[in-house]
Structure formats: C-alpha cells, structure tokens
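The values are calculated or read from the model by the stated rules, or taken from the named source; none is laboratory data. In this text the structure is predicted, and so the values were computed from the model without any measurement. Every residue, glycine as well, gets a Cβ built from its backbone with ideal geometry; the counts of neighbours run over all protein chains shown.
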C-alpha cells in the first residue's frame, strides 16, 4: 500500500540554488564551525592582548613535529580531493586508494599529536600550567576531535558506505564531495592554528 | 562542481598538484620567516599573511570556492558578518574595560581612597 517517498535533490541539484541538499547542509554546518573556532581565536587575541607577557610557543612546543603534521594534513587534503576526482572519472579502485591514504594521514597526524601531548605531560606542562598552555590544549584538542570525526566518516565511506556506488553513483560522489569539504575545513583550521600557537613571537 | 565532466576533472588534477606544492612551500616559508626575528608586530603580520594565502588556496581550489554557486557565497558572507561582529564586540568590550582603567574613564588617583590598616572600609562606625 505505502510507496517509499524519495527525498528530492539528493543526487540532482535544485533548480533555484543549483545545489544538492547535502552540499548546502554541510556549508551551513561549516559556518557554525567557523563561529566555534572564531570564538576560540578571539579568546586567544583577547587573552594575549590583555596579558603583560606572552610565551613564544617555539620555546617549548615542538616546531619540527608540528611542521611535519602540517605537511601530513596538506597531503591528506590532496588525497581527499583526488578520491572525489577518481569517482568523477569512474574509478572506484583509485577512490579507495586515495581515501585510504587520507585516513592514514589522519591517523599519522593524531599519532604525532599524541607524542607531542605525552612529552608535554612528561615535562609537567598541563592546561593548568599557564593561559598559553590552556589555549594550546583547548584549541589543538578540539581540532584533534575534528580529525577523529572526519576519520570516522571517511572510514564509513571507504568501507560499508561505498556500496552506494553500485546503486546511486552520483549520490555517493556527492557524499564524498561534502565529506571532503569538511576535511579541507579541518586542514584550513590547522593552517591558522600552526603559526598562531607555534610560531608567533612572545612578548 | 556537480556537473563537472570527465575531461574537466582530469584538468583539475594538475591544479591540485600545483596547489599542494604551493601549500608545502608556504609551510616552509612560514617556519623560516619565524626564525628571522622580525619583531612582534611584523612577525605576526607575516605569519598571518602566509596563513591567509594558504587558507585561500585550500578554500579556493580544494573546496571549489573559485567556481561555486551564489547560494554558498551568500552563506559565507553571512558567516563572515557574524564572525566580524563577534570579534568586534569582544574587542570593543576589551578596549572599553582598558579605557575605564587607563583612559578617559579612569578615576583620578587623588580621588581614590585607600583604606588604612585597622580602618573600616565602609558602613557605619561608632
């Protein structure tokens, strides 16, 4: 008796906006993310300008490791966009390769970050140590949670989620595109976090 | 980008590689510039300019903002407006507080009564 109701514009674009649902949805979500990280960057500026002194992150943070992590995230952004391009060119095999590399890069980033955190704790640097360290752990911790979230979504799309390629390839390609938008945003946040926390001079 | 054709995507791949090289070079330049000891203000300006250029490359090419639909641009304009308002309000609040302590709203030192030891700080005394 009951026929399945299909939600429109999952695969095709709305004629008025030219966008499919998920794309508009993920951009609205990213807007809220901009506000979240914008609030934290504002906090950094406020606390820094209100302090008599401020630490130079490079004095006790590991700049070489953070530089490697920056390069790892940049590589992951390239492999993410290549996974989408592979689907556009009709190759599920290459898609799996590139998205797998993206997930691997995310894992490498977290392992390196884990080493950094462990070293900080070893030498007695905690969020309670100073305002700078509180900001460092809050901002990098929240960013790390975003990396974990992206890896979970990407892993699903790499594994069981990829079955959609057989039934609705356009919709699956769209899913990879919006997952990529999120992943690139996470990369973009790190591009600003890296100089802000590790490189900016103290006072 | 949803209506991108096979040949278009192939041409994009070359762009992605170039953007990757630019981002990697930008990262190394940021680290090298931080070792030049440019001073606080110049150091911050240089680091943020390089980060903004790198961020623009990611947003423009990896997130396809160089050729996106108008609705997305409107979402971003709205977001930018709210971010500027949020940061602006925080900064104004901060400046106002500092102004009360140091600036035109500061209470002249001669008018500040510092309680002596043993002296009641207020209220009724016998």
Considering each residue of segment A:59-80, count those that are more than 7 Å from chain B (Cβ to nearest Cβ), touching a helix residue (DSSP H, G or I) at 6+ places or on another chain (Cβ under 9 Å) and in a helix (DSSP H, G or I), and give that number. 11
Subset of segment A:81-98 [at the interface with another protein chain (Cβ under 10 Å from one of its Cβ atoms) and over 15 Å from the mean Cα position of the chain (by Cα)]: A:82, A:84, A:85, A:86, A:87, A:88, A:89, A:90
Restricting the first residue to segment B:36-55 and requiring it to be within 7 Å of chain A (Cβ to nearest Cβ) and under 11 Å from residue A:195 (Cα atoms), which pairs with a second residue that is part of a loop (DSSP other than H, G, I, E, B) and modelled with pLDDT of 85 or more meet a Cβ separation below 7 Å and a spacing of at least six or different chains? B:43/A:200; B:43/A:201; B:44/A:200; B:47/A:200
So, in segment A:181-196, of the ones that are at the interface with another protein chain (Cβ under 7 Å from one of its Cβ atoms) and either in contact (Cβ under 8 Å) with a residue 24 or more places away in the chain or over 9 Å from the mean Cα position of the chain (by Cα) (or both), which residue ends up surrounded by the most Cβ atoms within 10 Å (Cβ to Cβ)? A:187
Out of A:42, A:11, A:2, report the one residue that is modelled with pLDDT under 90, buried (at least 16 other Cβ atoms within 10 Å of the Cβ) and more than 18 Å from the chain's Cα centre (by Cα). A:11
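Conditions tested, residue by residue: (1) outside any helix (DSSP H, G or I); (2) in contact with a strand residue (DSSP E or B) (Cβ under 6 Å, 6 or more places away or on another chain); (3) in contact (Cβ under 8 Å) with a residue 12 or more places away in the chain.
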site	(1), (2), (3)
A:38	no, no, no
A:55	yes, no, yes
A:96	no, no, yes
A:124	yes, no, no
